[in-house]
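The next block holds one structure in the form of structure tokens; read it before the comments.
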Amino acid sequence: MKFGKFIGLTLAFTLSAAILPANLPCPANTVYAADTEKAESAEAIAMRNAIADVKKRMNIPKDFDGFDYDTRTSYDTTYYRFTWSKTVVEDGIEGTGEEITVEYYNGFINGYEYFNCDRTYRKPAFSKLTPEEQTACAKKHFYRLNPDIKGNVVFERSSSDYNLFSNTAKYNIHREEYGIGLYKNSGYITVDKDTGDLVEFSLDWWSDAVIPDASKRLSESEVIDKFIKGGKMSASYELFRKYEKDPETDESVYVPYVMAVYNFYNGENLLDAFTGEYTTMYDDKERLSYTDAYSWGRDYGDSDEIVCGAPSAEDDEFDDFSEAEKAALEKENEYISYEQALKIIKDDEFIVWDDSLVPAKNVIDFYTDDNGDNQPCRCLKFEFTSEDETKDCIYLTVKLDAYSGKIITFNKSYSYGEKSKNKNTAPLSGKAAEGTIKKAAEHFIGEKAAEYRYDGKINLDAYTESSGTGYFTRYVNGLPADFDTMAVRIDSRGEVLGFRHTYHALEFPEPKLVPENKVMQKLFEREKPSLYYTGFTDLQLTPHVYLTYNFTSGYSFNALTGERITSGGKPYYTDEATTEPEKQQQLYTDIKGHRYEKEITELFRYNVRIASGEKLNPDGAITIKEFGRLCSQAYGENNYLSYIYPDIKHVDQDTGEVTYEENPMLYEKLTLGELAKIYLYNYDVNYYRAAALEGIYAPPYKNVPQSDPNCGYIAIAKATGLIRDGEEFAYDKCISRGQCLKLMYDYISGDERKPVYKIISI
């Protein structure tokens, strides 16, 4: 027996214990003494009732003598997780052999799990219960767990459960009212295929939900008309890339281009199905429920972690340089020097230099210029650090164009000492900083700054209100180009702490935009909105349900043509014929009345199939490849056909190109001689290799010629007992498809687990 879990499990939830302070007075009629029972607390009474309620609905075996629990209280609702366990002892170690875990709150069981650490590998087997019986068991357990559950429950069996190697059947559960699905009301239930016992259960459900009557909703066409007239869309330029041939190198390269695009405005696409207006659900949720406030910050600052050294002193004259070294020195000489770069930084009016800074890194790096080309830049990092609590640590990183010395980006930060007199705590005023931010932007990019619009507010840094970042978006022809942005970071003292921007010198098409309603009309000629119930529960777990039409917000459109496009900017809809979905294969049409009809039909239900067409041809010979696929489906193990019949390698004599062809032997009929060869490989690979030696084995049967390529395999297979004794061996006899399926069926139906080389007797 294997031990999977032990007693003394770590609690999944934090268990808070209420402790009565010593200085609080006791109630007048309460006496605390060693021989007096303490009154049962409200928490203990509530848990006692919860345990009793659970045990009324399910049988907890008497030998499950271990018990553990977790509790969690959230907004006046207490959630329980109860665990009953059967204790076992092995080699003097006490552990848990089986467990039953139940999750419960407010009279509702929302989770169940049965765990057995002694599970062993399941032999391929048919279920003892029929699918109909398994479904009946699943429904019985469902309503036993929650007999008062309200709503229309839909059970859907997972298609993957029709296999030979799992002993459970899983049913997905969802809720439908008026034939319409209800979002967030779903789960699953799993039962044992042989016994029907409950194995696992999980469910989210709004039992007390008031469901709006769907019969009073607007029709699909009515809500589409309303959406076309009042739907919100926003136009902007977006950056795309396409492959083009470089005329000089004839290689495919990415070429950026710009397209004017429509998107649904802020994803507002959920309409009330009764009014056609935007749903009030989000406003109601904000009004009725507590919601966490998330701050979506943008990464800012230098991300390069390139190790480089401080400038070194000039060496003495040395003339022994190679041509490559001289070329490198000449190139380096074209770049601005460290001293020149340092002077530019110190002289810049928006970078506040501090003489305490010392050089930390100096390296030639690269940046992407306005034309999308990589250009060299000199990256300098400075810092001042001290353990003196009265002093501040300062960090500064600057990138400059390696040829012109133009500042591309910089970032500065302070780490104040505990006793620092310079610590900046004053809150940052966006209005006061706006003028400085705009001046800095113009200072660093010149006339291009006029193309950017200030967002109008400063996003404060995550850990302080004394500094923040102002963001800009580039506008061309009145449309935002969201891929070109600019950011200026500033603190409340007016010091600019950072700058970065992106700019693409590309052609922007003139925005002769198609009207929004025309775009929507084109969309709804092909797409239809989805109708479903959705909603939320408030802090008191009261559900609020809304019937909505949903127009997927992930659509993008070419704003000049109105056609839907992909994320890569290509037309979403094409004139090419769409591939028909693969149809589920129906049972073979040529097995009616066949002697193996029952066996073939049962295997087919478990996806053990040879043919993929309408006909099986059950009396036709099975091929080697079909046999291998059948073994994988029915037995669950690799039969190593790829090693026995490897792909054939071809080498082009002119180009040296190597290609592989599937071994044609796989499509030959499976004879008993070939079966002996396959079985011998699975029995012992060393015997298989020895049998491959030609001309050294005497025929083991009088009718088997020594020239037969399988002679060696047959000889050793006979010696190892894989082939039955006799004077003759029908080495060239073929096995029919129906016969092979019958033998597989017999193996699966039996209790004995055979090795793969004994499935079919030779």
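Across the range 166-197, what is the number of residues that are at negative phi and over 26 Å from the mean Cα position of the chain (by Cα)? Counting residues in the range 166-197 that are at negative phi and over 26 Å from the mean Cα position of the chain (by Cα) gives 10.
Considered as a group, the residues in the range 519-551 that are assigned to a helix (DSSP H, G or I) and of a type outside the set (Phe, Trp, Tyr) include one that is surrounded by the fewest Cβ atoms within 10 Å (Cβ to Cβ), and that residue is GLN521. Taking the range 718-762, which residues are part of a loop (DSSP other than H, G, I, E, B), surrounded by fewer than 13 Cβ atoms within 10 Å (Cβ to Cβ) and acidic (Asp, Glu)? Once the filter is applied, which keeps residues that are part of a loop (DSSP other than H, G, I, E, B), surrounded by fewer than 13 Cβ atoms within 10 Å (Cβ to Cβ) and acidic (Asp, Glu), the range 718-762 yields ASP725, GLU727, GLU728, ASP751, GLU752. Identify the residue in the range 155-167 that is surrounded by 13 or more Cβ atoms within 10 Å (Cβ to Cβ) and not in a loop (DSSP other than H, G, I, E, B) and, among all such residues, is modelled with the highest pLDDT. Among them, the one singled out is PHE155.
Taking the criterion of being surrounded by fewer than 18 Cβ atoms within 10 Å (Cβ to Cβ) and more than 43 Å from the chain's Cα centre (by Cα), the residues of the range 663-686 that qualify are LYS669, ASN686.
Restricting attention to the range 380-391, does a residue exist that is over 44 Å from the mean Cα position of the chain (by Cα) and buried (at least 17 other Cβ atoms within 10 Å of the Cβ)?
yes
Applying the criterion of being without any contact (Cβ under 8 Å) to a residue 40 or more places away in the chain and in a strand (DSSP E or B) to the residues of the range 402-421, the residue that is surrounded by the fewest Cβ atoms within 10 Å (Cβ to Cβ) is SER415. With the condition being closer than 20 Å to ILE149 by Cβ and in the same structural domain as ALA138 (by TED's automatic domain parsing), I'd like the strands (runs of 3 or more DSSP E) fully within the range 168-262 carrying at least 2 qualifying residues. Here the list reads 168-177, 180-192, 198-204. Within the range 636-662, the set of residues being surrounded by 15 or more Cβ atoms within 10 Å (Cβ to Cβ) and under 19 Å from TYR688 (Cα atoms) comprises ASN639, TYR640, LEU641, ILE644, TYR645.
Hydrophobic (A, V, I, L, M, F, W, C), surrounded by fewer than 20 Cβ atoms within 10 Å (Cβ to Cβ), assigned to a helix (DSSP H, G or I) and in contact with a Gly (Cβ under 9 Å, 6 or more places away or on another chain): does that describe ALA432? Here the answer is yes, as ALA432 does meet what is asked.
Counting the residues of the range 519-558 that are aliphatic (A, V, I, L, M) and free of Cβ contacts under 8 Å to residues at least 60 places away in the same chain gives 1.
Within the range 622-634, identify whether any single residue is over 30 Å from ARG122 (Cα atoms), modelled with pLDDT of 85 or more and either surrounded by fewer than 18 Cβ atoms within 10 Å (Cβ to Cβ) or in contact with a strand residue (DSSP E or B) (Cβ under 8 Å, 6 or more places away or on another chain) (or both), and answer yes or no. No, there is no match, as no residue in the range 622-634 is over 30 Å from ARG122 (Cα atoms), modelled with pLDDT of 85 or more and either surrounded by fewer than 18 Cβ atoms within 10 Å (Cβ to Cβ) or in contact with a strand residue (DSSP E or B) (Cβ under 8 Å, 6 or more places away or on another chain) (or both). Looking across the range 331-376, the residues that are closer than 28 Å to GLU451 by Cβ and part of a loop (DSSP other than H, G, I, E, B) come down to ILE336, ASP348, GLU349, PHE350, ILE351, VAL352, ASP369, ASP370, ASN371, GLY372, ASP373. Looking at ARG609, is it basic (Lys, Arg), within 28 Å of PRO755 (Cα to Cα), assigned to a helix (DSSP H, G or I) and at pLDDT 85 or above? For ARG609, the condition - basic (Lys, Arg), within 28 Å of PRO755 (Cα to Cα), assigned to a helix (DSSP H, G or I) and at pLDDT 85 or above - is not met. For ASN703, the requirement of being of a type in the set (S, T, N, Q), closer than 19 Å to TYR681 by Cβ and free of Cβ contacts under 8 Å to residues at least 60 places away in the same chain is not met. Given the condition touching a residue at least 60 places away in the same chain (Cβ under 8 Å), part of a helix (DSSP H, G or I) and surrounded by fewer than 17 Cβ atoms within 10 Å (Cβ to Cβ), answer yes or no: does some residue in the range 509-518 qualify? The answer is yes; a qualifying residue exists. Considered as a group, the residues in the range 448-474 that are of a type in the set (Gly, Ala, Ser) and not in a strand (DSSP E or B) include one that is farthest from the chain's Cα centre (by Cα), and that residue is ALA450.
Pairing residues of the range 730-749 that are farther than 27 Å from LYS702 by Cα and among the acidic types (Asp, Glu) with residues that are part of a helix (DSSP H, G or I) and modelled with pLDDT of 90 or more, at Cβ distances under 9 Å and at least 6 apart in sequence or on separate chains, gives ASP746/GLU599.
The values are calculated or read from the model by the stated rules, or taken from the named source; none is laboratory data. Everything numeric in this text was worked out from a predicted model, so none of it was measured. Note that each Cβ is placed from the backbone with ideal geometry, even for glycine, and that neighbours are counted across all protein chains shown.
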